[in-house]
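As structure tokens, the structure follows; a few thoughts come after it.
The values are calculated or read from the model by the stated rules, or taken from the named source; none is laboratory data. Quantities reported herein were computed from a predicted structural model and do not represent experimental measurements. Cβ sites come from the backbone with ideal geometry, for glycine too, and all protein chains shown count toward neighbours. Note: accessible area is taken over every heavy atom of the protein model, side chains too, but ligands, DNA and RNA are not part of it. Shrake-Rupley method; radii C 1.70, N 1.55, O 1.52, S 1.80 Å.
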Amino acid sequence: MSNRIAPKLLAEFIGTFAFVFIGAGTVAIVGEGVGLPGIVAIAFAHGLAIMAFAFAYGSVSGGHMNPAVTVGVLAAGAMGVGEAIGYIVSQLIGGIAGALLLRTVLGGAETGLGMPALAHNLALGATSLTITPEAGFMIEALLAFFLVTVVLGTAVAGRAGSLAPLAIGMTLTFNILMGGALTGAPFNPARALGPMVATGKFSDAWLYLTAPIVGAIVAAILHTSLARLVQERTAAAERGTAAHTPAE
């Protein structure tokens, strides 16, 4: 392992470890079935954790802490394949380690350790709602799409400057406020896989591991397409200006 990549992989491991320990730990302690106050606490725990470590490690590794984000950055052409694979492995190991430590400090897996699950008979006003795997896939893909779109538009494109971690943390927060009660809203394979390994339960694992990747790739395609369109329009405008500028 080169000296150049080692700090990045360590940063991704620590950041994902902390994110899963804090985020999944809040779900395990607060509980998912306590209504809006519980969802708000869970949303802010995840959002603040990712924001803090994005500020801490953004200059080191970019502060991905999510394999879907890494796939999105790779698909957008902002990193190499080898580096992306290293990031994903570090993130998955960090997520599993965070969940295993959470199981240790909570004395077992009885709390569920923040494992995501699709809603069944969720009370919504005068009706109840059950999320099918197909609907859950769409929700997780969309939430990942929103996150990766913000990451590419702020941290990667540099439009938000030093405030990119704030935008990313806010995106996690509002994503979980909307989707937390429906799917658990991990939209992060490392966040989902860690509690699954720690509890030994892998319900709908295919959904939680693949849907965010699909959403990330779509976000990357849209991001690069829009960037190319802007470049073409800018180039056309510059050519038009040059054509109308009198020669000296």
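Please compute the modelled spin-label separation between MET170 and SER59, points set 7 Å along Cα→Cβ, answer in nm with one decimal.
Label-label distance for SER59 and MET170, simple model: 2.3 nm.
What is the Cα radius of gyration of the chain over 2.2 N^0.38 Å, N being its residue count?
1.11
With a point put 7 Å past each Cα toward its Cβ, work out how far ASN121 is from LEU101 in nm, to one decimal.
Taking the two extended label points, one gets 3.8 nm.
If contacts are Cα pairs under 8 angstrom and at least 6 residues apart, what is the relative contact order of the chain in percent?
Once divided by the residue count of the chain, the mean separation gives 28 percent.
If you place +1 on the Cβ of every Lys and Arg, -1 on the Cβ of every Asp and Glu, and leave all else neutral, what size is the dipole of the chain about its Cα centre, to the nearest 20 Debye?
About 240 debye.
In what order, largest first, do ILE168, ILE29 sit by accessible area if the probe radius is 1.4 Å?
Largest accessible area first, the residues go ILE29, ILE168.
Using only C-alpha positions, report the orientation-averaged shadow area of the convex hull of segment 135-219, nm², one decimal.
Spelled out: convex hull of the Cα atoms, projected over all directions, averaged, 5.5 nm².
Taking only Cα atoms, what is the 0 to 90° angle, nearest 10, from helix 164-183's long axis to the longest principal axis of the chain?
40 degrees
Please give the net charge around TYR57, taking every other residue with its beta carbon less than 10 angstrom from that of TYR57, where Lys and Arg add +1 and Asp and Glu add -1.
0
At a probe size of 1.4 Å, how large is the accessible area of LEU163, to the nearest 10 Å²?
100 Å²
For segment 28-126, what D do you get in µm² per second when you plug the Kirkwood radius from alpha-carbon pairs into Stokes-Einstein at 4 °C and 1.567 mPa s?
Here the translational diffusion coefficient equals 81 µm²/s.
Ignoring ligands, DNA and RNA, what accessible area per residue does segment 43-118 give at 1.4 Å, in Å²?
It amounts to 38 Å² per residue over segment 43-118.
Please give the solvent-accessible surface of TYR57 in Å², to the nearest 10, using a probe radius of 1.4 Å with every protein chain present.
Roughly 60 Å² of TYR57 is accessible to a 1.4 Å probe.
Where the accessible area of the chain is counted over protein heavy atoms with a 1.4 Å probe, how much of it, in %, is carbon and sulfur?
69 percent
So what's the back-of-envelope 222 nm ellipticity for the chain, counting only DSSP H runs of four-plus at -39500 (n - 2.57) apiece and dividing by all residues, rounded to 500?
-24500 deg cm²/dmol
Within a Cβ distance under 15 Å of PRO189, other residues only, what is the Lys/Arg minus Asp/Glu net charge?
So the environment of PRO189 carries a net charge of -2.
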